[in-house]
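Reviewing the structure listed below.
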Amino acid sequence: MLGLGSTLRLRNNRLNSFLAMRNQYGDVVRFQVGKRIIHLVSHPDLAKYVLQDNNHNYIKGRGLEKARSLLGEGLLTSEGDFWRRQRRLMQPAFHRQEINAFLPLMVESTNKMLERWRTLQASGTTTLEVAGEMMRLTLEVVSRTLFSTGLSPQEMDVVAEAMPIVLREANLRITSLLDVREKLPI
């Protein structure tokens with residue numbers, strides 16, 4: 001079981017904690033946080049085994065179950081037969097030919113972003129927040145590929161501002177040791 005210091009480090013800097021565990025213990029690490037037993041799977045072949053080849057033997061767990069009220073009942077949060085039906089429905093959209101058809105659109109969106117960066121640089125802006133920029137690019141590509149239309153700059157601003165809040169709340173629900181957040185009228 002992780003001590004309190006390790007648990008706090010894991011909560012505050014998950015990526016570095018996971019990297020340190022993988023470097024120290026290998027591609028599969030089993031650890032406990034509170035009453036939860038967690039498995040960290042780092043090798044791509046093992047992740048494929050868990051997520052695709054043998055997924056019926058694994059559950060996503062209480063964390064994603066708690067995030068369902070925020071994230072909805074989708075591929076990320078569902079399990080079992082419902083997940084299988086959803087995956088079958090979605091699979092054709094992720095066929096190699098479908099993805100390849102989106103490449104020109106992705107390149108166009110990326111070039112548009114790079115042009116905006118050049119304009120910002122020419123006007124004296126020398127610092128960009130990369131996570132926000134990548135979020136905007138992702139939103140642009142997703143809206144154009146899924147809905148055949150891009151978001152207006154105003155819509156992009158609203159969604160880009162809301163996404164970190166939604167992701168932070170989902171993360172808090174997934175990693176919370178107590179179920180207090182779900183019981184509060186917030």
Per-region count, segment 10-55, residues closer than 20 Å to residue 174 by Cα, charged (D, E, K, R) and at pLDDT 85 or above: 1
Members of segment 116-148 found to be within 23 Å of residue 163 (Cβ to Cβ), over 22 Å from the mean Cα position of the chain (by Cα) and not basic (Lys, Arg), listed by number: 117, 120, 125, 127, 148
Qualifying residue in segment 108-116 (condition: within 30 Å of residue 173 (Cα to Cα), among the small types (Gly, Ala, Ser) and in contact with a helix residue (DSSP H, G or I) (Cβ under 8 Å, 6 or more places away or on another chain)): no
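The values are calculated or read from the model by the stated rules, or taken from the named source; none is laboratory data. What you see is a predicted model, and the numbers here were worked out from it, not measured in a lab. All Cβ positions, even for glycine, are placed from backbone atoms using ideal geometry, and neighbour counts span all protein chains on display.
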